[in-house]
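What follows is a short report on a single structure.
The values are calculated or read from the model by the stated rules, or taken from the named source; none is laboratory data. What you see is a predicted model; the values in this text were computed from it and never measured. Reconstructed Cβ throughout: ideal geometry from the backbone, glycine too, with neighbour counts over all protein chains shown. Calculation scope for accessible area: heavy atoms of the full protein, side chains included, ligands and nucleic acids excluded. Shrake-Rupley method; radii C 1.70, N 1.55, O 1.52, S 1.80 Å.
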Amino acid sequence: MTSSAPKIVVVVPTYNERENLPVLAGLLAELELPELHLLVVDDNSPDGTGEVADKLAAESGGTIGVLHRTAKDGLGRAYLAGMARALDEGAEIVIQMDADLSHPSTVIPAMVETLRTTDAAVVLGSRYVPGGSTASEWPWHRKALSAWANLYVNTILRLGVKDATAGFKAWRAETLRAIDLPSVHSNGYSFQVEMNYRVVKRGMVIREVPIRFEERAVGVSKMSLGVQLESAMAPWKLLLNR
């Protein structure tokens, strides 16, 4: 990356997030990071999120873009489409984050600085490094499930990170090109694990910065039984197909 401010594109998949999206756009604008852009990837939300995104884009002066997809076919597919668009449009850093306000936008400058000043290929916003935490609203069994999922993934794949299932990440553009995005197969939440695995298998470095993960305030979770089963099988598929 050059010494001047890199172009940063925050890729945010949306499905029925019309109330959260304007809040997130405002929080990103408040960061006042030079060359910060938002790319909304909307999967034809029936609640009109796509129209809200178009309005925000029209009023943004070019800092917000919208990628409309015709069907809802998973978080992983949405991220891949958004990342490909961001790279095509000259992004040097690509940040992936959820639209539900669970990821603290205030940590983005620290993630970017870590990318710029260390050997990190990708930086995770981590719940499980010192200083990180999960939402206080989470019941004990949900916290236990999350901790177990990370132990499970790391035991099988040996990723060497504390938060292997994290969905808040800052990527170098060259990292995304190196891990061959078109060949990524996972969808849903297992997408996060496959992306980390591809980085580690290529000998690149993953670093983590602490975040407090918040519970969504508006809307409903996209986590389903099918997504959970796919996530449980994903590490074994990656290991056996390496």
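For region 75-96, check the following and say yes or no: at least one residue is part of a loop (DSSP other than H, G, I, E, B), under 19 Å from VAL193 (Cβ atoms), modelled with pLDDT under 95 and under 14 Å from the mean Cα position of the chain (by Cα). No - not one qualifying residue is present in region 75-96. For region 5-52, filtered to residues that are in a helix (DSSP H, G or I), out of contact with any helix residue (DSSP H, G or I) (no Cβ under 6 Å at 6 or more places or on another chain) and within 26 Å of ARG172 (Cβ to Cβ), the residue that is least open to solvent (accessible area, probe 1.4 Å) is LEU24. Among the residues here, ALA144 qualifies as part of a helix (DSSP H, G or I) and modelled with pLDDT under 95.
Considering SER60, SER4, SER45, the condition of being in contact with a Phe, Trp or Tyr (Cβ under 9 Å, 6 or more places away or on another chain) and over 25 Å from PRO210 (Cβ atoms) is satisfied by SER45 alone. So which residues in region 65-108 are free of Cβ contacts under 8 Å to residues at least 40 places away in the same chain, hydrophobic (A, V, I, L, M, F, W, C) and under 15 Å from ASN187 (Cβ atoms)? Within region 65-108, ALA71 is the sole residue that qualifies.
If I filter region 79-99 for residues that are open to solvent by 50 Å² or more (accessible area, probe 1.4 Å), out of contact with any strand residue (DSSP E or B) (no Cβ under 7 Å at 6 or more places or on another chain) and more than 22 Å from ARG172 (Cβ to Cβ), do I get at least one hit? No; the residues of region 79-99 include none that is open to solvent by 50 Å² or more (accessible area, probe 1.4 Å), out of contact with any strand residue (DSSP E or B) (no Cβ under 7 Å at 6 or more places or on another chain) and more than 22 Å from ARG172 (Cβ to Cβ).
Okay, residues lined up against (1) out of contact with any His (no Cβ under 7 Å at 6 or more places or on another chain); (2) open to solvent by less than 80 Å² (accessible area, probe 1.4 Å); (3) at pLDDT 90 or above; (4) closer than 16 Å to TYR128 by Cβ:
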| position | (1), (2), (3), (4) |
| --- | --- |
| ARG202 | yes, no, yes, no |
| VAL205 | yes, yes, yes, no |
| GLN228 | yes, no, no, no |
| ALA234 | yes, yes, no, no |
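Residues of region 135-164 that are buried (at least 20 other Cβ atoms within 10 Å of the Cβ), under 25 Å from ALA99 (Cβ atoms) and touching a residue at least 60 places away in the same chain (Cβ under 8 Å): VAL153 alone.
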